[in-house]
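Notes for the one structure printed next.
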Amino acid sequence: MMGAPNAPPGHKDQLYLNGERTSGQEIRTQNVTAALSVANVVKTSLGPIGLDKMLVDDLGEVTITNDGATILANLEVEHPAARVLVQLSEIQDKEVGDGTTSVVIVAAELLKRANELVKNSIHPTSIMSGYRLAMKESIKFIKENLAVKTDKLGRDVALNIAKTTLSSKIFGQQSEFFANLAIDAMSAIKTINPETGKTVYPIKSVGIIKQHGKSFKDSQLFNGYVMYGGRAGQGMPRTVKNAKIALLDIDLRKSKMQMGVSVVVTDPKKLEDIRQKESDITRDRIQLLLNAGANVILTSKGIDDMAIKYFVEAGALAVRRVKKEDLKRIAKLTGGTLMITFADMEGNESFTPEMLGTADEVIEERIADDDHLIIKGGQSTNACSVLLRGANMHMLDEVERSLHDALCAIKRALESASVVPGGGCVESALSIHLENFATSLGSREQLAIAEFATAMLVIPKQLSVNAAQDASDMVAKLRAYHNTSQTDPTKTEYRHYGMDCISGKVQNNLVAGIIEPALSKVKMIQFATEAAITVLRIDDMIKLAPEEPGQ
């Protein structure tokens, strides 16, 4: 009977291998249920009035967040199909930076619909090809009809994009302030690639520092790279103009002999010489640095009192125990080289001026209660740092995540130079367009495309549910507007209509300034479809039993 051809479909058969096999409809239903349960976790955090989630890990650390990717990254998901969705939100976070919640919800909805179709005996392959067709058609439709080119994008568009992204975060109502902060940061780091002539916005150049105390409104932007840590000694200067920066990963303390080296001394005077030599080695190293013209020394290791004395005499500013990642960023910013050792090819120690980074000035400033070092005017690229203030660390972590999302959204919008209206507009328009598109096809895929069209509506539905509006009512209104815009050529401006979650009305979101980068929507549809197809292809799961330890 084992695995016989007349066995009932979908039953578990104990294979001849050590494990169990689940196949057919059963595994599909399992996968869909798992995907839906993941989507349900993030469902309520979508949109401008989304609610937050509180995650407590095994050590009792608390994270309070609204960001889909963060929530899913902290969940330890067991089920393999659900894990696909978690990776999906990570990819969306890497690629676009925003839209992580919606991508998971759409993917889960597509899976649910597909499962219904399979139950109605439609082959998964035709569903997949239908979904692919629908995806291509949607992207084409977005690019042709909904995306608005923003050629000479003024500050306003960037401001609106940032506000739209930030409105769904922890400080929904103060989004204006942070949107301005994000735009100032982005305009400070704008660089033009000399080879291609394209403008790029390296997000890595924006440093984010968190200090609790005061309120959100006291967050500020510094022009220059700000890092944590003060001078090593009191006698050092607080500011250094025309800084020449040495970046070291070397210990500047008195060098001791290696462990296990034994020296037999017969003459007590020699002992003194050994001690002298130990301190001379360090002195020579410091002399090397100073002779090369360095007046700011940053090292990730320690600097002892004797070394500090030499630096103070030379009027140089030295900082010890700098984080490695800070050093790498500063090296990029100032054009310096991060030195791991002074040794050169000949076996001597040397340090040349071209290894130094340059900056206009380096200042030590007290920000909040701690000393920070600000490096202004680097040689190669500009950098800026945002100092976030807030009541407690949970808030600050959340603000940092939100700000990162906003920076990514602005970057995408400015680099791809096209935007779409937000507030469920794109999804409703696609749902109408795809329904009409489905009826024009005379093949099996028609059903899958129609289901894809219905699945798109999950976003406006969820938005209105979270905003405490009547979902059926809102979606019906939206669909009516978009249907008119696509059938009646005189009323094409209706295609920019979406909903305003706060007042519960349908309005022209392009005019109201609720917009998001077109790239974020396109990627969302692509990724969600691909993920749904990946899970849909699975029709068999073979789980191997763990090996039992031998006696």
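The values are calculated or read from the model by the stated rules, or taken from the named source; none is laboratory data. Quick caveat: nothing in here was measured; it's all calculated off a predicted structure. For neighbour counting, all protein chains shown are included, and Cβ atoms are generated from backbone atoms with ideal geometry for every residue, glycine included. We work out accessible area using only protein heavy atoms, side chains counted, and drop any ligands, DNA or RNA first. Shrake-Rupley method; radii C 1.70, N 1.55, O 1.52, S 1.80 Å.
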Inset, instruction - Measure off 7 Å from each Cα along the Cα-to-Cβ vector at ALA476 and THR454, then give the distance between these two points in nanometres to one decimal. - result: 1.7
Legend entry - Distance histogram for the chain (every C-alpha pair counted, 20 angstrom bins, percent rounded to whole numbers): 18, 39, 28, 13, 2, 0
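What Kirkwood hydrodynamic radius, in Å, does segment 41-119 give when the mean of 1/r is taken over all pairs of distinct Cα atoms and then inverted? Walk me through the numbers before you get to the answer.
Numbers: mean 1/r = 0.0748 Å⁻¹.
Hydrodynamic radius (Kirkwood, Cα only) of segment 41-119 equals 13.4 Å.
From the P(r) of segment 322-454, can you give the percent of Cα pairs sitting at distances over 20 Å?
Above the 20 Å cut-off, segment 322-454 has 72 percent of its Cα pairs.
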Inset, instruction - Report, in degrees rounded to the nearest 10, the 0 to 90 angle that the Cα long axis of helix 324-334 makes with the longest principal axis of the chain. - result: 80
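Quick one: compute a quarter of the convex hull surface over the Cα atoms of segment 423-551 and quote it in nm².
Working: hull surface 50.5 nm².
Averaged projected hull area, Cα only: 12.6 nm².
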Inset, instruction - Whole Å is fine, so just give me how far the alpha carbon centre of segment 84-101 lies from that of segment 17-48. - result: 18
Legend entry - Spin-label model distance (nm) - ASN436 vs GLN234, 7 Å beyond Cα toward Cβ: 7.9
Legend entry - Solvent-accessible surface ranking, highest first, for TYR228, TYR201 at 1.4 angstrom: TYR228, TYR201
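Pairs of alpha-carbon atoms within less than 8 angstrom and 6+ residues apart define the contacts here; what relative contact order does the chain have, in percent? Could the numbers behind the result be given before it?
Details: 1026 pairs, mean separation 134.5, N = 551.
Across the chain, relative contact order equals 24 percent.
Hey, what did segment 224-380 get for relative contact order, percent, Cα under 8 Å, at least 6 apart? Display every interim value, and only then the final one.
Values: 304 pairs, mean separation 61.2, N = 157.
Here the relative contact order equals 39 percent.
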Inset, instruction - Using Cα centres only, tell me the gap between segment 104-154 and segment 251-271 in whole Å. - result: 73
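Normalised radius of gyration for segment 224-380, please: alpha carbon Rg relative to 2.2 N^0.38 Å, two decimal places.
On the way: Rg = 16.8 Å, N = 157, 2.2 N^0.38 = 15.0 Å.
The reported ratio for this selection is 1.12.
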Legend entry - Mean residue ellipticity (222 nm) of the chain, computed from DSSP H runs ≥ 4 via -39,500 (n - 2.57), nearest 500: -15000 deg cm²/dmol
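Provide the gained length on full extension for the span GLU116 to ARG366, in nm with one decimal, where the gain is 0.36 nm per separating residue minus the Cα-Cα distance. Please report the intermediate quantities before stating the final value.
Details: separation 250, 0.36 × 250 = 90.00 nm, distance 6.21 nm.
Once the chain is fully extended between GLU116 and ARG366, it gains 83.8 nm.
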Inset, instruction - Using only Cα atoms, find the angle between the long axis of helix 305-314 and the longest principal axis of the chain, and express it within 0 to 90 degrees, rounded to the nearest 10. - result: 80
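LYS254 to GLU400: FRET efficiency via 1/(1 + (r/R0)^6), r the Cβ-Cβ distance, R0 35 Å, to the nearest 0.05? Write down the numbers at each step before the final one.
Details: r = 40 Å, r/R0 = 1.14.
Step by step, r from the Cβ atoms, then E = 0.30.
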Legend entry - Nonlocal amide H pairs with GLY224, under 5 Å, H built at 1.01 Å: ALA383, CYS384, SER385
Inset, instruction - May I ask what percent, to the nearest 5, of DSSP beta bridges between residues of the chain are antiparallel? - result: 75
Legend entry - For LYS411, solvent-accessible area (1.4 Å; no DNA, RNA or ligand), Å²: 40
Inset, instruction - Could you provide, to the nearest whole Å², the per residue accessible area of segment 224-380 with probe 1.4 Å? - result: 55
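To the nearest 20 debye, what is the magnitude of the charge dipole of segment 224-380 about its Cα centre, counting +1 on the Cβ of each Lys and Arg and -1 on the Cβ of each Asp and Glu?
Values: 24 positive and 24 negative charges, 43 e Å.
For segment 224-380, the charge dipole is close to 200 debye.
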Inset, instruction - Using the heavy atoms of the protein chains and a 1.4 angstrom probe, tell me the accessible area per residue for segment 415-551 in square angstrom. - result: 45
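What is the local net charge at LYS523, summed over the other residues whose Cβ is closer than 12 Å to its Cβ (Lys, Arg +1; Asp, Glu -1)? Could the numbers behind the result be given before it?
Values: positive: LYS94, ARG412, LYS521; negative: ASP93, GLU95, ASP98, GLU516, GLU530.
So the surrounding residues net to -2.
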Inset, instruction - Quote the accessible area belonging to LEU110 in square angstrom, nearest 10, computed with a 1.4 Å probe and with ligands, DNA and RNA left uncounted. - result: 0
Legend entry - Unit charges on C-beta of K, R, D, E only; dipole of the chain, Debye: 920
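Once the Cβ-Cβ distance between GLN287 and LYS491 is put in as r, and R0 is 56 Å, what FRET efficiency do you end up with, to the nearest 0.05? Could the numbers behind the result be given before it?
On the way: r = 79 Å, r/R0 = 1.41.
Efficiency computed from Cβ-Cβ geometry: 0.10.
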Inset, instruction - May I ask for the Kirkwood hydrodynamic radius of segment 298-392, worked out over all distinct Cα pairs and given in angstroms to one decimal? - result: 15.4
